[in-house]
1. Could you list, in sequence order, the residues of the stretch 188-210 that are small (Gly, Ala, Ser), closer than 18 Å to Glu233 by Cβ and modelled with pLDDT under 85?
2. From the list Thr161, Thr143, exactly one residue is out of contact with any Leu (no Cβ under 6 Å at 6 or more places or on another chain) and at pLDDT 90 or above. Which is it?
3. When you look at Pro185, is it more than 20 Å from the chain's Cα centre (by Cα) and either surrounded by fewer than 19 Cβ atoms within 10 Å (Cβ to Cβ) or of a type in the set (A, V, I, L, M) (or both), yes or no?
4. Gln61: more than 32 Å from the chain's Cα centre (by Cα), modelled with pLDDT of 90 or more and on the phi > 0 side of the Ramachandran plot, yes or no?
5. Which of the residues spanning the stretch 208-230 are surrounded by 16 or more Cβ atoms within 10 Å (Cβ to Cβ), in a loop (DSSP other than H, G, I, E, B) and of a type outside the set (A, V, I, L, M)?
6. Taking the options Glu180, Glu195, Glu160, name whichever one is under 25 Å from Leu94 (Cβ atoms) and assigned by TED's automatic domain parsing to the domain that holds Glu100.
7. Examine the stretch 24-31 for a residue that is in a loop (DSSP other than H, G, I, E, B) and closer than 25 Å to Leu128 by Cα, and state whether such a residue exists.
8. Just checking, how many residues over the stretch 87-141 are assigned to a helix (DSSP H, G or I) and in contact (Cβ under 8 Å) with a residue 12 or more places away in the chain?
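The values are calculated or read from the model by the stated rules, or taken from the named source; none is laboratory data. Predicted model only: the values in this text are computed from it and were never measured. Neighbour counts run over all protein chains shown; Cβ positions are idealised from the backbone, glycine included.
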Amino acid sequence: MLAKSAIELVNRCYEETNKLTLLSLEEFKESFIAFVFGDYQEEFMVQYDLEEFYEHLNQLQLSNCRRDFDRAVEEWYITEYGSGYKGVNYHDILFTLVKEAVVQYQSPNRIALIRDVTKLLTMPNGFLARWQNGQIRERPIPTYFKYLMKLGVRTHEDIETLVDMWLVEYPNAFNKKQQELFANPPRRGRPNNVELALLIELAMKVRPEMTAQERERLRKIYYYHRKSLTVREMVEKFEKYIASKNKSNDSQVG
């Protein structure tokens, strides 16, 4: 069946060639050219000759000029992605999936987390299976990757950026206690021993040898602020307390 427009042909290329993979814009441009002068030309030549093939491309505004092919892919990207293919705009679902990957795979570092998020997003038994279960009828795999595009993930580089943005919010994500806390978040209104243990562990990096008074202050910070502050913010509050205490001691000595 002949394509009626360049965008239709790009979409056909995407659906017929994309199998469980993420493609960058530049990779897809190369893939589109290969598809047009490969599978599509072969299909066309069953009924028509080479001259008619090039005439057909001209009708689609796809001459031999590379610019025409690139423009068609770029227009398709904009049509599919909505706001275009440039810039970072991740849906909240993706940040939740990063946290899920940390819990599921117990990722020990950034490189491993990028790998694990990629697995979660692209493996048949990962987020893809969950997406398919939520569909009224069975949908082809490329439709899933279009869905990822709309969420903000189109390439492996997007996953790296997503992970880096998430790690800004959770710099202690590779700490075992933090991962346990991700897996078992505290119930609303109730203190959580894992969360408190993590707070103490991080605070001891600031103050390796805490006095009994300082430990008590840290516990008070936790019990008073656990509902409104993150663990990192509570550590910062403790740091300010220590700094203020040291300043007070220095002034007394002086």
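1. Correct list: Ala197 only.
2. Sole residue among the options that is out of contact with any Leu (no Cβ under 6 Å at 6 or more places or on another chain) and at pLDDT 90 or above: Thr161.
3. Yes, satisfied.
4. Taking the combined requirement at face value, the residue satisfies it.
5. Of everything in the stretch 208-230, just one residue is surrounded by 16 or more Cβ atoms within 10 Å (Cβ to Cβ), in a loop (DSSP other than H, G, I, E, B) and of a type outside the set (A, V, I, L, M), namely Arg226.
6. The unique qualifying residue is Glu160.
7. Checked against the condition, which is being in a loop (DSSP other than H, G, I, E, B) and closer than 25 Å to Leu128 by Cα, the stretch 24-31 yields at least one hit.
8. Adding up the residues that qualify gives 27.
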